[in-house]
Amino acid sequence: MEFGPDHRAALLEVLTWRRDTRHFRTDPVAEDTLAKLQAVMDLAPSVGNARPWRVLRVEAPDLRAAVRANFEQANQEASALYSGAQAQAYQGLKLAGLDFAPVHLAVFTDMQPAQGHGLGRQTMPETLRQSTAMAIHTLWLAARAENLGLGMVSILQPKAIARLLETPPEWEFSAYLCLGHPEFQDDTPLLHRAGWQENTPTRWISR
């Protein structure tokens, strides 16, 4: 298939308007839409076709509360690493959408998948983690194309989350995702607007 200017423009728009969403409306996401997003993860690239991502949909209120408590603890510990004006700036950031996002997804990487038969990861086992990251990014773009927002909660204690969700020992915690309808849409990252950190340009360095 040949892609034309309209395809390229649409892709650029999706990339530009993809945000790490923190502000969600509480109205539910249609199950047929979630089914489409689940299926689109199958299109993600995967080294050796290992398909190592494992996704848990966290719905039980007690589990969500425990994740929220873990976030609070981890966030307090992270906040203590900053001082002065930077500490004040950190405390003013909204760093998670846990309270309002209708869909919570815990993503793990199976570090011993049967799929792929080890192809492509004998010398670089980290490619399993990279494959999971690409699946998450694929989901992120697909969600944005459905006019949904997705946010990654990175301020969590991985081993505690794995214990909480009772995952197999070979599953490594990769990401906790919040998914839902964004309160607002913005083409500027929140950390830019908050003055925390703007993008630095990507450079390709010749050797």
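Where a number appears in this text, it was derived from the coordinates with a stated rule and is not lab data. Computed from a prediction, not measured in an experiment: that's the story for all the values here. Glycine gets a Cβ as well: all are built from the backbone with ideal geometry, and neighbour counts include every protein chain shown.
What to note about this one:
- Förster radius 25 Å - calculated FRET efficiency between H137 and R163, Cβ distance, rounded to 0.05: 0.40
- In nm, spacing of pseudo-spin labels at Q122 and A35 (7 Å Cα→C-beta vector): 4.2 nm
- In percent, rounded to a whole number, the relative contact order of the range 21-183 is 42, using alpha-carbon pairs under 8 Å and six or more apart.
- Only one residue of S174, A106, T33 has its Cα farthest out toward the positive end of the dipole of the range 21-183, where Lys and Arg carry +1 and Asp and Glu -1 on Cβ, and that residue is S174.
- Taken as Cα centroids, the range 145-159 and the range 99-114 sit 10 Å apart, rounded to the nearest whole angstrom.
- For the pair Q73 and H7, a Förster radius of 45 Å applied to the C-beta separation gives a FRET efficiency near 0.50, rounded to the nearest 0.05.
- Unit charges at the beta carbon, dipole of the chain: most positive-side option, T200, A65, L43: T200
- Ranked H181, H7, criterion: other C-beta atoms within 10 Å, fewest first: H7, H181
- T202 paired with R25, simple spin-label distance in nm, labels 7 Å along Cα-to-beta-carbon: 3.2 nm
- By the Cα gyration tensor, the chain has an equivalent ellipsoid whose semi-axes, rounded to whole angstrom, run 26, 24, 20 from largest to smallest.
- Note on I136, I205: ascending count of other Cβ atoms within 10 Å places them as I205, I136, the fewest first.
- The charge dipole of the chain, taken about the Cα centre with unit charges on the Cβ atoms of Lys, Arg (+1) and Asp, Glu (-1), comes to about 500 debye, rounded to the nearest 20.
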